[in-house]
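The values are calculated or read from the model by the stated rules, or taken from the named source; none is laboratory data. Keep in mind the model is a prediction, meaning the values are calculated, not measured. Cβ placement follows ideal geometry from the backbone for every residue including glycine, while neighbour counts extend to all protein chains displayed.
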Amino acid sequence: MQIKKVIHLLGPMGGGKGTVAQFLKDQYGFSVFNLSQIVKEETERNGLELTRENMNAIYDELKTTFGKDIVAKRIVEKAEGIEKIVFDGSRDIEEAKYMRKRFPNILSLYIDADEKIRKQRIITRQRDIDSGDLEKLFEKDNDYVVPSKSVPGVIVMENNGNIEQLFSKIQTLIS
């Protein structure tokens, strides 16, 4: 029986989670599951526009109704049977705890960067979901981001350099 390889990416907007997930997919054949996909699906099911405000409201409703780890539970179901998995993003400590419980050998990476760098990345990537007042986006993101020090076994990775430096750090960790 092959042992599952599971990586869980945490951190704030613009830290580099999506970039790392894509790198792991392209270079190592990991399947990527973004936890926000569950919230997007639920937002659409409710007939709402995919805005950060609507998604945050749906996310809060899901947690209140089904428990703080519901998004993690639902995304894990989607990854059933896959051997190399990247879970991109958790917004609640209970999601991160659930991942650790479900996959005891999980590699949890908290990818962060200085706020100024993260803001520039968000402006550069030009996602519709990131439109609006950047200061308000960051303020709201801070309400949701899992604090790095509160996740058991997390490795904190600073991503203030270039993409080659980031990829080198990731290669070192998973080799």
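Can you tell me which residue among 146, 86, 151 is surrounded by 12 or more Cβ atoms within 10 Å (Cβ to Cβ) and at pLDDT 95 or above?
Result of the check over 146, 86, 151: 86.
Is there a residue in the stretch 92-101 that is acidic (Asp, Glu), crowded, with 16+ Cβ neighbours inside 10 Å, touching a residue at least 60 places away in the same chain (Cβ under 8 Å) and closer than 19 Å to residue 159 by Cα? No, the stretch 92-101 contains no residue that is acidic (Asp, Glu), crowded, with 16+ Cβ neighbours inside 10 Å, touching a residue at least 60 places away in the same chain (Cβ under 8 Å) and closer than 19 Å to residue 159 by Cα.
Looking across the stretch 63-74, not a single residue is more than 13 Å from residue 103 (Cα to Cα) and touching a strand residue (DSSP E or B) at 6+ places or on another chain (Cβ under 9 Å).
For the stretch 39-75, filtered to residues that are closer than 20 Å to residue 4 by Cβ and out of contact with any Asp or Glu (no Cβ under 7 Å at 6 or more places or on another chain), the residue that is surrounded by the most Cβ atoms within 10 Å (Cβ to Cβ) is 75.
Quick one: which helices (runs of 4 or more DSSP H) sit completely within the stretch 1-113 and have at least 1 residues that are under 15 Å from the mean Cα position of the chain (by Cα), closer than 27 Å to residue 164 by Cβ and among the basic types (Lys, Arg)? In the stretch 1-113, the matching helices (runs of 4 or more DSSP H) lie at 17-28. Sub-9 Å Cβ pairs linking a first residue in the stretch 159-175 that is free of Cβ contacts under 8 Å to residues at least 40 places away in the same chain and among the small types (Gly, Ala, Ser) to a second residue that is surrounded by 12 or more Cβ atoms within 10 Å (Cβ to Cβ) and in a helix (DSSP H, G or I), at least 6 apart or interchain, are 161/169, ordered by first then second residue. Among the residues of the stretch 1-36, those that are among the β-branched types (Val, Ile, Thr) and farther than 15 Å from residue 99 by Cβ comprise 3, 19, 20.
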